[in-house]
2 protein chains.
Amino acid sequence: MAEATGKRDHFIGVDLGGTKILAGVFSPQLRCLGKVKMSTKPERGPEGVLERVARCVNEAVDECDLQLDNIKALGIGAPGAVDPEEGRMIFAPNLKWENVPLKKVLEKQLGLPVFAENDCNACALGVYETELDPKPRSMMGIFLGTGIGGGIVLDGKPYSGFNRTAGEIGHMVLEVNGPKCGCGNKGCFEALASRTALFRRIQNAVKEGEKTVLTDMLGPELADMRSGDLRKALRRGDKLVEKVVEEAAEYTGIAVANIINLLNPEVIVLGGGVMDQLADDMLAIVIETARDYALPGTAKGIEILASKLGDDAGITGAAVLARRESK
Amino acid sequence: MAEATGKRDHFIGVDLGGTKILAGVFSPQLRCLGKVKMSTKPERGPEGVLERVARCVNEAVDECDLQLDNIKALGIGAPGAVDPEEGRMIFAPNLKWENVPLKKVLEKQLGLPVFAENDCNACALGVYETELDPKPRSMMGIFLGTGIGGGIVLDGKPYSGFNRTAGEIGHMVLEVNGPKCGCGNKGCFEALASRTALFRRIQNAVKEGEKTVLTDMLGPELADMRSGDLRKALRRGDKLVEKVVEEAAEYTGIAVANIINLLNPEVIVLGGGVMDQLADDMLAIVIETARDYALPGTAKGIEILASKLGDDAGITGAAVLARRESK
């Protein structure tokens, strides 16, 4: 796939999640040359997981007919609070990790300079660096997938706040006493507009007797439903899916308005698996709702757009980090 | 009140609001030496209002037995989007102003260097400079009064975002389809926890037959109710007021949790007239609710406290601005 130049000028971007590890190899110009996915197996603990990360990286490099010698640096986005200076994972609720020296362990295993960031910050950085031109002074990325996360970039740098946890827009309460969220609270944005929330609404509606083509496509239990299935159902004119997706877009618009009122970033980018599949159906509603809810004058000139990076936002941002920090 | 030193080393802070103008004279060490209040009379338009600001400033200076010659610079906090570089009011919905050259007009009227900021940014700056030691890298001030506003200070400077309107936490939607807000939306934080919201809840409850000592204190119409009346009612064990204040504190705690999740500032300060009167009754509930709603690990070490500046936050912050910018 890639020509081995003999030079040490490529980058690795790793997206470490609670269920999967994605490693991508990037050219000096940040073109993705190839990638490999593995399950995380968090039950094996930090050591076992980081060994899998290293294997995934080696596989990705081999996939691209390169060698570790061709890699200048590796960036990794990890799900939780990360201290980027030390490259230490402060805590990661999904992985049940505390105080894991990511950078140190991976540098030892791979013999490469390693740089770490929070996963959503990495996604936002990837969007900022590869999709926005000219560069805005401030941006927020909102990523809708199984959960909802966010990352803030101010003056070109990830903003992570006091505990390195800023950007957690998924747990912004939008509806006091709304539906229960995985975090234990009620009415979080994530409980209203994530893939999990969409699926739950559809499943509940089906249980209550509402009709949808999804049952023809996936069976009465709606097993293995994916965001792409919702897109197919929309194309077939499914009213239930239309209603549920519209509602999620409205909630997303309200969340975006809250961000406009509060942080007033120059650009707001929507990404993640849900947007990747449903941007055509959601984006216009998100923008209309956001402009409607934002205070007069506050949304003027602010761009609201969809990322095209999809699931590659994390590895792209991690590779951006590797290139930046190894300069 | 103050000794005229003959030096040009004092500062003026002006808080320009939709209903009143407050001007304060400050010593070189930012001690408030005296202040004068006037009604705004927005119906007279920008020229008429700014003439009143100048008169209010002259009165305040005279009140302190000083002269304009003793003033080094004037700062002004104004209600809306302000371009601090040009000292221009971009727009002010309450005053119905657009593009008013605050700095230019006031400098001409008073013969002093003038510096302008958004009013809530000024309040936050006042708290930051005079109440916090050591200085946090990031803070947010939340001001509960007739409405609710906020200001963000990052690395010692007001953060105002793309349209100079950041910090508008009052219009963060917390309860989709909640009570109607003055801005036209529903369920804004301001519609749930401002003085206006508290009073409306109490008035509605009284209409529905609930009992409160406030009717003994103020008559059946609850005319001219103030935050201080709520405090008095609480001291007399009033159950209705207790319930309403508790609810407002819970909503405030949820708003604070949203800020912790999203912006993760090192310090969150609660101020404004409502907190000034009711901090003893609200602060503990705000903190408990915020820590409960914030994601695990995100609130660690973050301070949540009440400002003691009360209604003087605006003039104090404006004076801070004057001192900073005239250095």
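I'm trying to understand the selection: among the residues of the stretch A:160-186, which are buried (at least 23 other Cβ atoms within 10 Å of the Cβ) and of a type outside the set (D, E, K, R)?
A:161, A:165, A:166, A:167, A:169, A:170, A:171, A:172, A:173, A:174
Name every residue in the stretch A:290-311 that is touching a Gly at 6+ places or on another chain (Cβ under 9 Å) and farther than 23 Å from residue B:184 by Cα, in order of residue number.
Those that are touching a Gly at 6+ places or on another chain (Cβ under 9 Å) and farther than 23 Å from residue B:184 by Cα: A:306, A:307, A:308, A:309, A:310, A:311.
Tell me, which residue of the stretch B:11-38 that is surrounded by fewer than 24 Cβ atoms within 10 Å (Cβ to Cβ) and of a type in the set (D, E, K, R) is nearest to residue B:322 (Cα to Cα)?
That would be B:31.
Is there a residue being outside any helix (DSSP H, G or I), away from chain A (no Cβ under 14 Å) and over 30 Å from residue B:299 (Cβ atoms) anywhere in the stretch B:226-235? Break it down stepwise before answering.
Taking the stretch B:226-235 as the starting set, the residues that turn out to be outside any helix (DSSP H, G or I) are B:226.
Keeping just the survivors that are away from chain A (no Cβ under 14 Å) gives B:226.
Retained after the next criterion (residues that are over 30 Å from residue B:299 (Cβ atoms)): B:226.
Yes: the stretch B:226-235 contains one or more residues that are outside any helix (DSSP H, G or I), away from chain A (no Cβ under 14 Å) and over 30 Å from residue B:299 (Cβ atoms).
In the stretch A:282-301, which residue that is out of contact with any strand residue (DSSP E or B) (no Cβ under 7 Å at 6 or more places or on another chain) and among the β-branched types (Val, Ile, Thr) is nearest to the other protein chains (Cβ to nearest Cβ)?
Of everything passing the filter in the stretch A:282-301, A:298 is nearest to the other protein chains (Cβ to nearest Cβ).
What tally of residues in the stretch B:185-212 results from selecting those that are assigned to a helix (DSSP H, G or I) and under 16 Å from residue A:176 (Cβ atoms)?
Selection size over the stretch B:185-212: 6.
Would you point out which residue out of A:27, A:39 is away from chain B (no Cβ under 14 Å) and farther than 19 Å from residue A:125 by Cα? Please lay out each step first, then the result.
Numbers: A:27 fails: farther than 19 Å from residue A:125 by Cα.
Criteria check complete, one pass: A:39.
Quick check, is residue B:155 on the phi > 0 side of the Ramachandran plot, surrounded by fewer than 24 Cβ atoms within 10 Å (Cβ to Cβ), of a type in the set (D, E, K, R) and at pLDDT 95 or above?
Judged against the criteria, residue B:155 is a match.
Which condition does residue B:108 not pass, out of (1) in contact with a helix residue (DSSP H, G or I) (Cβ under 8 Å, 6 or more places away or on another chain); (2) among the basic types (Lys, Arg); (3) farther than 19 Å from residue B:13 by Cβ, if it passes all the others?
So the condition that residue B:108 fails would be (1).
Determine whether residue A:107 is within 14 Å of chain B (Cβ to nearest Cβ), over 20 Å from the mean Cα position of the chain (by Cα) and within 18 Å of residue A:47 (Cα to Cα).
no
What pairs come out if I take residues in the stretch B:192-215 that are within 19 Å of residue B:253 (Cβ to Cβ) and of a type outside the set (Gly, Ala, Ser) and pair them with residues that are at pLDDT 95 or above and in a loop (DSSP other than H, G, I, E, B) whose C-beta lies under 8 Å away, six or more apart or interchain?
Hits for this filter: B:192/B:174; B:192/B:178; B:192/B:179.
Checking the conditions here, which among A:146, A:165 is in a loop (DSSP other than H, G, I, E, B) and within 12 Å of chain B (Cβ to nearest Cβ)?
A:165
Restricting the search to the stretch B:23-70, which residues are in contact with a Cys (Cβ under 6 Å, 6 or more places away or on another chain) and within 16 Å of residue B:9 (Cα to Cα)?
Matches in the stretch B:23-70: B:24, B:25, B:26, B:33, B:34.
Would you mind telling me which numbered condition in (1) in contact with a Gly (Cβ under 6 Å, 6 or more places away or on another chain); (2) over 30 Å from residue A:189 (Cβ atoms); (3) at pLDDT 95 or above residue B:325 fails?
Unmet condition: (1).
Scan the stretch B:32-53 for residues that are part of a helix (DSSP H, G or I) and under 20 Å from residue B:272 (Cα atoms) and report the count. Outline the logic, then answer.
Restricting attention to the stretch B:32-53, the residues satisfying the condition of being part of a helix (DSSP H, G or I) are B:42-53.
From what's left, under 20 Å from residue B:272 (Cα atoms): none.
Adding up the residues that qualify gives 0.
Report, by residue number, each residue of the stretch A:213-223 that is in contact with a helix residue (DSSP H, G or I) (Cβ under 7 Å, 6 or more places away or on another chain) and not in a loop (DSSP other than H, G, I, E, B).
Listed by number, the residues that qualify are A:213, A:214, A:215, A:217, A:218.
Among the numbered criteria (1) closer than 28 Å to residue B:150 by Cβ; (2) not small (Gly, Ala, Ser); (3) not in a loop (DSSP other than H, G, I, E, B), which one does residue B:29 miss?
The failed condition is (3).
Does the stretch B:251-264 include one or more residues that are surrounded by 24 or more Cβ atoms within 10 Å (Cβ to Cβ), farther than 19 Å from residue A:171 by Cβ and not acidic (Asp, Glu)?
No, the stretch B:251-264 has no match at all.
Looking for whichever is in contact with a helix residue (DSSP H, G or I) (Cβ under 8 Å, 6 or more places away or on another chain), touching a residue at least 12 places away in the same chain (Cβ under 8 Å) and within 16 Å of residue B:122 (Cβ to Cβ) here; the options are B:78, B:54. Which one fits? If you could, list the steps in order and put the result at the bottom.
Details: B:54 fails: within 16 Å of residue B:122 (Cβ to Cβ).
Unique residue meeting the criteria: B:78.
Could you list, in sequence order, the residues of the stretch A:241-281 that are assigned to a helix (DSSP H, G or I), aliphatic (A, V, I, L, M) and more than 12 Å from chain B (Cβ to nearest Cβ)? Quick ask: steps written out before the conclusion?
Filtering the stretch A:241-281 down to residues assigned to a helix (DSSP H, G or I) leaves A:241-262, A:273-281.
Retained after the next criterion (residues that are aliphatic (A, V, I, L, M)): A:241, A:244-245, A:248-249, A:254-257, A:259-260, A:262, A:274-275, A:278-279.
A:241, A:244, A:245, A:248, A:249, A:274, A:275, A:278, A:279, listed by residue number.
Would the stretch A:299-320 turn up any residue that is over 20 Å from the mean Cα position of the chain (by Cα), of a type outside the set (D, E, K, R) and closer than 29 Å to residue A:176 by Cα?
Yes, there is a match, as at least one residue in the stretch A:299-320 is over 20 Å from the mean Cα position of the chain (by Cα), of a type outside the set (D, E, K, R) and closer than 29 Å to residue A:176 by Cα.
Being within 19 Å of the chain's Cα centre (by Cα) and away from chain A (no Cβ under 14 Å) is the filter here, so list the residues in the stretch B:173-225 that pass it.
B:194, B:195, B:196, B:198, B:199
Here is a list: B:270, B:295. Which entry is farther than 18 Å from residue A:175 by Cα, surrounded by 18 or more Cβ atoms within 10 Å (Cβ to Cβ) and in contact (Cβ under 8 Å) with a residue 12 or more places away in the chain?
Matching residue, one of B:270, B:295: B:270.
The values are calculated or read from the model by the stated rules, or taken from the named source; none is laboratory data. Fair warning: this is a prediction, and the values are worked out from it, not measured in the lab. Methodologically, a virtual Cβ is constructed for each residue, glycine included, from the backbone with ideal geometry; neighbour enumeration extends over all protein chains shown.
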